[in-house]
Amino acid sequence: MLTALGNFLIKTVEHLGGITILTGKTLYKCFNSKHIGRRTIDQMISLGIKSLPMTIITAMFVGMAFTMQVLTEFLKFGAGDLIGGVVGVAVWRELAPLLTGVVFSGRVGAAISAEIGSMKVTEQIDALKTMSQDPIEYLVSPRLIACTIMMPLLVGIADIVGFLSGFIIAIGSGKINPYAYFYSADSMVVINDIVGGLIKAGVFGFLIAIISTYVGLRTKAGAKGVGESTTRAVVVSLVSVFVINYFLSVVLF
């Protein structure tokens, strides 16, 4: 048992070191390369825009479900006028960033690790090196920039969709005044709630991109290796999002 624990700790430290080194190299290339603009735009469309339908659907039904549950309890205590503020704070602070991060991890994390992993096992990355192309500049930097930029945009849309979905459920009950819904949101939601959620989104996008590319670059040969890397990237990204979300909530709110 002690041997297994020791091996796990050693591998964990090794991976953390590898991710740190990859992050440093990638950030250097992001600020010192003049040829990643077009690739970054392509990745923003592929990873960001195409994630929009899933983000909207998730935010819509989460906002509706959350409002339905909270509304029932608040009406018991005669606090229905506060429902808009409660939904707004919950959506902007936690629900939209966290659940968009989960969706982004599942779709984008898997896509990045699978694509780069496939290139690794088919020796396309080695081919890039023989053509004097830096794999980090060509593959990692555009994806990192795209995810970091697009994630806050997706969360901003999820904020609006989730809040308005809650509004539909609240007024649909016939027990909430539409004006009271928006008035309570205006009273309880402050700019720090919105900005804090967007900061979370940027951090999540950065983490998902760097973890997925790191796992993809370490893929072992064979189709089995690609599948294992894809699973590992999604799992590690999800766990990282949940862990970092707690610490960011403590710092930001």
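What follows is calculated from the coordinates using simple rules that are stated; it is not laboratory data. Source: prediction; values computed, not measured. For neighbour counting, all protein chains shown are included, and Cβ atoms are generated from backbone atoms with ideal geometry for every residue, glycine included.
Quick look at the numbers
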item	result
Whichever aspartates and glutamates have a C-alpha closer than 19 Å to that of K224, once near sequence neighbours (fewer than 8 apart) are set aside	E115, E123
Loop-located trypsin sites (Lys or Arg not before Pro) in the stretch 27-102, at most 14 other Cβ atoms within 10 Å (DSSP)	K34
Difference of contour (0.36 nm per residue) and Cα-Cα distance, A4 to F31	5.6 nm
Average silhouette area of the chain, convex hull of alpha-carbon atoms, in square nanometres	16.6
Relative contact order of the chain, pairs being alpha-carbon contacts under 8 Å that are 6 or more residues apart, as %	33
Those chymotrypsin sites (Phe, Trp or Tyr not before Pro) in the stretch 39-115 that DSSP places in a loop and that have at most 16 other beta carbons within 10 Å	F77
All-pairs alpha carbon distance profile, the stretch 1-115, 10 Å steps from 0, percent	11, 23, 25, 21, 15, 5, 0
Between the stretch 89-130 and the stretch 1-21, the alpha-carbon center distance in angstrom	22
Candidate lysines - alpha carbon under 24 Å from K129, same-chain residues fewer than 8 apart omitted	K25, K29, K34, K120, K220
Difference of contour (0.36 nm per residue) and Cα-Cα distance, L128 to I45	27.5 nm
Theoretical ellipticity at 222 nm over the chain - DSSP helices of four or more residues, -39500 (n - 2.57) apiece, nearest 500	-26500 deg cm²/dmol
Length-normalised contact order of the stretch 74-190 in % [C-alpha pairs under 8 Å, at least 6 apart]	61
